[in-house]
Each structure stands twice: as structure tokens, then as C-alpha cells.
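Please read the structure below before turning to the comments.
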Amino acid sequence: DAAAWLMEGTKGVGVDMVVDASGAASRVMPAIFGSIAVGAKVVCLGVNQEPFAMDTLPLMLRSASMHGAIAHLGGGYPAIIALHAAGRLDLTTMITGRFALDDGLEAMQRAATGQDAKLMIHPQGLPA
């Protein structure tokens, strides 16, 4: 249970900020809403495949705010995807750190340093 794990890791306070870039809000929002601190900010960057139902009560009870943005409105994704699919652009180098879910707090501390392009947390543990 990710929400319980985050609440335990923050000694019941909850997290101050969440950035969801998963594109799977229907699956991650219950954990996010179950782990936010009073005054938290929830930022949605992932583009969801379909609309999802959202209970706003957790946001209201915690005086939290939710923000959304799409970073690449210029239409560059098809060209990037084509280059990657053709083997002409290696995007794996963007992921500069990988962590198991159990090491999520360490990942967040490292993210706060700003030294990485992208960090990835693997819910089922690091790949072999």
C-alpha cells in the first residue's frame, strides 16, 4: 500500500508535493490522495489514456491544490518516437538513476538535489 508506506515514511505528516507523470492517474491518484500533507501541491504532467473519476474531498480536507500542464504542445513527440523506434535516438540515457520502491525516500532526496535528468522508481524492485 503506497499511501500507507508514504505516511509511515513521513511520520503521518504526508508529502508536500507530488508530481504524477505516469499517465495512469486512475491507478496512482488513490495513493497520492491518501498520502498528501496539509497544503500539498499535486502536479499532473502525465497524459491519461482516458478520463478518470476523482474524489476531490481529500484535496479539500487537506487544503491541497492540484495543477496540470503539458510540456510539449509543439507536436514534437511523433518525430522523437520515430527516431527512437528507428534506433537513431537513445532515450535510456535520460534515466540517470533507478531505485526500488523501498528506496523511494532516497530517490526523492536525490531528486531534490537536481543532479539528475530523470529518476525511475520500480514498484516491483530493480530489474535484474
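Points worth noting:
- Portion, in percent, of the accessible area of the chain that falls on carbon or sulfur, probe 1.4 Å: 60 percent
- Here the simple spin-label model places points 7 Å from the Cα toward Cβ, and for Met60 and Leu45 these points are separated by 3.0 nm.
- Pairs of alpha carbons in the chain whose separation is greater than 19 Å (percent): 58 percent
- Under the Debye formula (equal points on every Cα, no solvent term), log10 I(q)/I(0) of the range 1-66 at q = 0.14, 0.18, 0.27 Å⁻¹: -0.37, -0.61, -1.26
- Extent of the range 53-128 along its three principal axes (Cα atoms, max minus min coordinate, largest first): 49, 34, 25 Å.
- Secondary-structure-derived ellipticity at 222 nm for the chain, considering helices only, amounts to -8500 deg cm²/dmol, per-run term -39500 (n - 2.57) for DSSP H runs with n ≥ 4.
- Cα-projected label distance for Gln115 with Ala100, points at 7 Å along beta-carbon direction, nm: 2.2 nm
The values are calculated or read from the model by the stated rules, or taken from the named source; none is laboratory data. Quick caveat, the model's predicted, so the values are computed rather than measured. Using ideal geometry, Cβ is built from the backbone for each residue, glycine included, and neighbour counts are taken over all protein chains shown. The protein model used for the area step is the full one, side chains on, heavy atoms only, and it has no ligands, DNA or RNA in it. Shrake-Rupley method; radii C 1.70, N 1.55, O 1.52, S 1.80 Å.
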